[in-house]
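The values are calculated or read from the model by the stated rules, or taken from the named source; none is laboratory data. Keep in mind it's a predicted model, so treat the numbers as computed, not measured. Virtual Cβ from ideal backbone geometry, glycine too; neighbours counted across all protein chains shown. All accessible areas refer to the heavy atoms of the entire protein, side chains included, with ligands and DNA or RNA removed. Shrake-Rupley method; radii C 1.70, N 1.55, O 1.52, S 1.80 Å.
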Amino acid sequence: MEQVFEFADQLGPTKIIHVYEPSVNLKAILVVDNVAMGPSIGGLRMAEDVSTEECFRLARSMTLKNSAAGLRHGGGKSVMFGDPKMPKEEKEQLIRAMACALVDINEYIFGPDMGTDEECMAWVHDEIHRAVGLPRELGGIPLDELGATAWGMSHATDVALKYCDLELNGARVVVQGFGSVGMHAARFLKDKGAVLIAAADSQGTIVDEQGLDVDALIAHKQSGKSLNDFAAGDKRDRDAVIDVECDIWIPAARPDVINNDSVDRLNTKLIVQGANIPITLEAEEHLYKKGVLYIPDFIANAGGVICAAMEYENASERVAFDTIAEKVSFNTEQVLAAAKKEQITPRNAAINLAVARVEKAMTTRRWSIF
Ligand code: NAD
């Protein structure tokens with residue numbers, strides 16, 4: 001019995017639901033963390049090694065991200081055991097079964113995450129009409145194609161410049177991970193005058209101190225090739241991207257890539273966290289003490305979920321992008337100003353901001369967290 005409550009604290013989770021349907025081999029978990037601010041939004045992750053703990057941690061980070069972004073949504077997440085590359089008919093059956101199993105859980109809105117995409121959300125929508133990240137034909141806003149998360153990051157960067165005495169014009173940028181987040185971040189920053197001097201994907205790093213051609217690199221990557229095969233630039237191994245001296249370093253790949261072993265290899269002034277938890281807490285503390293400024297993940301990369309929440313309200317792409325710019329700029333300023341004034345890390349400032357908003361919302365509710 002106690003184990004069920006091992007994650008419980010003052011914010012949640014309000015519900016952990018075990019979903020099981022042997023006829024289609026469905027095994028899944030839903031964690032609804034805190035819905036004081038409104039029905040939770042969070043992705044459905046499909047992988048073979050998911051766990052209740054992972055699901056809870058992701059749900060909690062959605063509570064903080066949605067609250068920090070000032071959305072009328074709480075945090076939740078669902079995970080489903082299985083190989084995301086399984087035959088499409090099997091995957092469709094599993095996802096439809098998952099949606100039907102949760103038809104009555106109104107406080108959870110499905111979104112895409114690792115292993116699921118807009119087509120999966122269309123299946124959920126078809127069953128229970130409670131999904132975001134839908135295809136355009138169903139009223140969706142294709143946030144990865146448009147670069148919604150990176151659009152927010154470029155505005156977060158603008159705000160951070162004055163806190164680290166940097167100008168964007170001519171700033172040397174390095175991007176780790178050249179997918180939906182990384183390539184659009186490079187594009188938006190290049191449009192504001194910055195120069196991309198290195199980028200990495202899972203196959204390797206490419207470096208050109210004179211500046212890489214961002215549009216050509218994106219076209220190359222979108223044609224299905226690796227950065228390693230690009231005609232220009234020096235080719236290095238994948239993790240060499242950490243060692244390239246620069247002004248702005250952007251993690252947009254995997255969690256924990258900067259840790260106790262790698263943190264001192266970084267040589268940069270500003271880190272804009274596109275990936276979720278790209279830096280361990282200890283390494284973040286170390287960077288703070290060294291005077292390297294960072295914008296925490298759930299402040300910098302909130303553009304995707306803001307876009308999803310705007311889609312849920314039936315907003316247009318233009319309104320969604322204006323809202324991302326406004327919210328991410330405002331929150332970055334709040335966090336960096338509080339960190340400076342109170343002499344605390346940007347992460348602690350961001351957590352304080354997000355938790356204060358959730359706790360305020362909880363005081364207005366009869367049952368606090370749900
Ligand atoms: P993606 O799959 O489109 O791109 C990931 C990129 O990282 C690929 O280019 C891949 O080759 C590269 N990569 C993988 N492992 C790497 C490694 N060890 N070193 C260097 N590069 C590596 O994914 P995405 O949607 O761009 O998401 C990237 C990160 O941002 C993830 O952590 C994701 O959780 C987070 N995130 C994404 C969004 C979004 O809107 N897509 C929003 C918030 C956070």
Projected onto the charge dipole of segment 212-317 (unit charges on the beta-carbon of Lys, Arg, Asp and Glu, signs +1, +1, -1, -1), the Cα from Gly274, His286, Gly224 with the largest positive-side position is that of Gly224
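Nearest 20 debye, what's the magnitude of the dipole of segment 228-279 about its Cα centre given +1 on Lys and Arg Cβ and -1 on Asp and Glu Cβ?
Numbers: 6 positive and 10 negative charges, 29 e Å.
That gives segment 228-279 a dipole magnitude of about 140 debye.
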Largest fluctuation, Arg57, Arg172, Arg187 only, Gaussian network model of the chain with Cα springs under 10 angstrom, belongs to Arg57
Taking the chain, the whole-percent share of alpha-carbon pairs separated by over 32 angstrom is 32 percent
In degrees, nearest 10, the alpha-carbon axis of helix 52-68 is tilted away from the dominant principal axis of the alpha carbons of the chain by 70 degrees
Using a 1.4 Å probe on heavy atoms of the protein chains only, the accessible area for Lys88 in Å², nearest 10, reads 100 Å²
Expected field for Ile105, accessible surface area in Å² at 1.4 Å probe radius, rounded to 10, holds 30 Å²
Scattering profile of segment 96-205 from the Debye formula, Cα beads only, expressed as log10 I(q)/I(0) at q = 0.16, 0.19 Å⁻¹, is -0.80, -0.93
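If you place +1 on the Cβ of every Lys and Arg, -1 on the Cβ of every Asp and Glu, and leave all else neutral, what size is the dipole of the chain about its Cα centre, to the nearest 20 Debye? Can you show the working numbers first?
Values: 38 positive and 55 negative charges, 190 e Å.
With Lys and Arg at +1 and Asp and Glu at -1, about 920 debye.
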Computed over the chain: longest principal axis from alpha-carbon atoms vs helix 148-160 long axis, angle to nearest 10 degrees, is 50 degrees
Once the in-chain neighbours fewer than 8 apart are removed, the aspartates and glutamates whose Cα is under 15 Å from Lys341 read Glu333
Scattering profile of segment 1-145 from the Debye formula, Cα beads only, expressed as log10 I(q)/I(0) at q = 0.10, 0.11, 0.14, 0.19 Å⁻¹, is -0.31, -0.37, -0.61, -1.13
The Cα extents of segment 161-212 along the principal axes, largest first and rounded to whole Å, are 34, 23, 19
Here the FRET efficiency for Asn169 versus Ser51, based on Cβ atoms and R0 = 41 Å and rounded to 0.05, is 0.35
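What relative contact order, as a whole-number percentage, does the chain give when Cα pairs under 8 Å and 6 or more residues apart are counted? Kindly include the intermediate steps, with their values, before the conclusion.
Numbers: 776 pairs, mean separation 60.3, N = 370.
Computed over the chain, the figure is 16 percent.
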Note on segment 168-272, DSSP bridge orientation, antiparallel percent to nearest 5 equals 40 percent
Computed on Cα atoms only, the convex hull of segment 268-357 has an orientation-averaged projected area in nm² of 6.3 nm²
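For the chain, what is the percent of antiparallel DSSP beta bridges, rounded to the nearest 5? Working shown, then result.
Working: 21 of 47 bridges.
Percent antiparallel among DSSP bridges in the chain is about 45.
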With the dipole of segment 211-370 defined by +1 on each Lys or Arg Cβ and -1 on each Asp or Glu Cβ, the option from Tyr312, Thr363, Ala253 whose Cα lies farthest towards the positive pole is Thr363
With R₀ set to 25 angstrom, the calculated FRET efficiency between the beta-carbons of Ile344 and Lys192, to the nearest 0.05, is 0.30
Across all Cα atoms of segment 222-300, Rg and the largest Cα-Cα distance (Dmax), in Å, are 13.5, 42
Over the chain, the sum of -39500 (n - 2.57) across DSSP H runs of at least four, divided by residue number and rounded to 500 deg cm²/dmol, gives at 222 nm -12500 deg cm²/dmol
Rounded to the nearest 10, the angle in degrees between the Cα long axis of helix 118-128 and the longest principal axis of the Cα atoms of the chain comes to 20 degrees
